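Throughout, read-outs are computed from the coordinates displayed, never taken from laboratory work. These figures come from a predicted structure and were not determined experimentally. Neighbour counts are summed over all protein chains in view; Cβ atoms, including those assigned to glycine, are modelled from backbone coordinates with ideal geometry.
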Amino acid sequence: MKRIAMWLGVALLVVISGAAVFVYQRIRSLEVATVTPDVHVIYGLGGNVGILRTSEGAVVVDTMTFRMQGRDVREKAEELGGGATRVIINTHYHMDHTHGNPAFAAGLQIVSTDKTLAYLHALDANYWKGDAAGTLPNDTFADERVLQIGGKTIRLIHPGRGHTDGDLVALFVEDRVLHTGDLFFNGRYPNIDLEAGGSVQAWADTLDRVLALDFDRVIPGHGPVTDRAGLVAFQGFMRELAAVGEEAARSHRSLEDTQKQAAIQADAGYEVMAIPFVMRLDRDFVVKRSWQEATGNFTPAKIGGAQ
């Protein structure tokens, strides 16, 4: 029996070690794609990272999920962005877009909306302790901001409620490329963070302000790079999703019936996004969010003045 127990223990150790290696490799696996000669996108385990090359160094939009990824992003930015990172832009507060920040130099210019910084303090405070505190956003704005760096113009717009109520989009003006962060999930079911002021009902109207900008290519928060038509198609999905919740509220329909009867066409081919033990983003999830908001069965908490 002792011999059997020993071999079982060895087998378990091998399995655990193999799983750890797989997870480590998955975290460190990054793919770079070129959008224009001066704009690149990094895909990996987390939100898409945008890198803008300027004559004075790199502009980095979002930093992924882990500090070790942030180190890799920093190195890629130096390689692709014309030198050391000059500024980081955080599109919103979620960890898969911000937790790579501490791999960058403390005191670096880090830009976000006021509401994003408030959520980082209120909802993610445990992470931003020690040296990480020096890589919180330190340059915030409410509605719109323009940056001029190394011959490039970056327009930052806080267009309204959608994914959260603090998301910004970043327009690389000369390159005509828009980084939407999680206001756009391309070909994937979106996360509607009602806890942080997100809104199914407002999302499509928020995208009207985004679509009024002048751009050709779009880097979404998740999914492949696309064009204006891809963003318009996603807006159509959000309108359909909002209508599902509105009809459920009018008909006093239960969540279960709403999920069964949801008449949505625009999500053909959409992929499910699953975070083990945390969240599964699928049709049932987004319909639930629409139902909760429209029927009043969810009340977002007021945090940092945001609702």
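The mean sequence separation of alpha-carbon pairs under 8 Å and at least six residues apart, normalised by the residue count of the chain, gives a relative contact order of 13 percent.
Find which of THR98, GLY245, ALA142 sits farthest along the positive direction of the dipole of the chain, computed with +1 on the beta-carbon of Lys and Arg, -1 on that of Asp and Glu, about the Cα centre. Looking along the dipole axis, the top candidate is THR98.
Note down the nm distance, to one decimal, between modelled labels 7 Å out along Cα→Cβ at ALA122 and at THR153. Distance between label points: 3.5 nm.
Please give the charge dipole size of the chain, origin at the Cα centre, charges +1 on K and R Cβ atoms and -1 on D and E Cβ atoms. Round to the nearest 20 debye.
The dipole magnitude comes to about 920 debye.
The slack between ALA106 and PHE298, meaning 0.36 nm per residue of separation minus the straight C-alpha distance, is 65.3 nm. A convex hull fitted to the Cα coordinates of segment 176-219 yields 76 cubic angstrom per residue.
Rg over Rh for segment 131-180 works out to 1.02, both radii taken from alpha-carbon positions and Rh defined as the Kirkwood radius. Rounded to the nearest 500, the helix-only mean residue ellipticity at 222 nm of the chain stands at -11500 deg cm²/dmol, with each DSSP H run of n ≥ 4 adding -39,500 (n - 2.57). Assign one of three labels to segment 173-253, namely rounded, prolate or oblate, based on the Cα gyration tensor with a ≥ b ≥ c the square roots of its eigenvalues; rounded applies when a/c is under 1.5, prolate when it is not and a/b is larger than b/c, and oblate otherwise. Prolate is the answer for segment 173-253, as a/c is 1.5 or above and a/b outweighs b/c. Mean Kyte-Doolittle of at least 0.5 plus a Cα span of 15 Å or more along the axis: flag which DSSP H helices in the chain meet both, please. The answer, listed by residue number, is 2-28.
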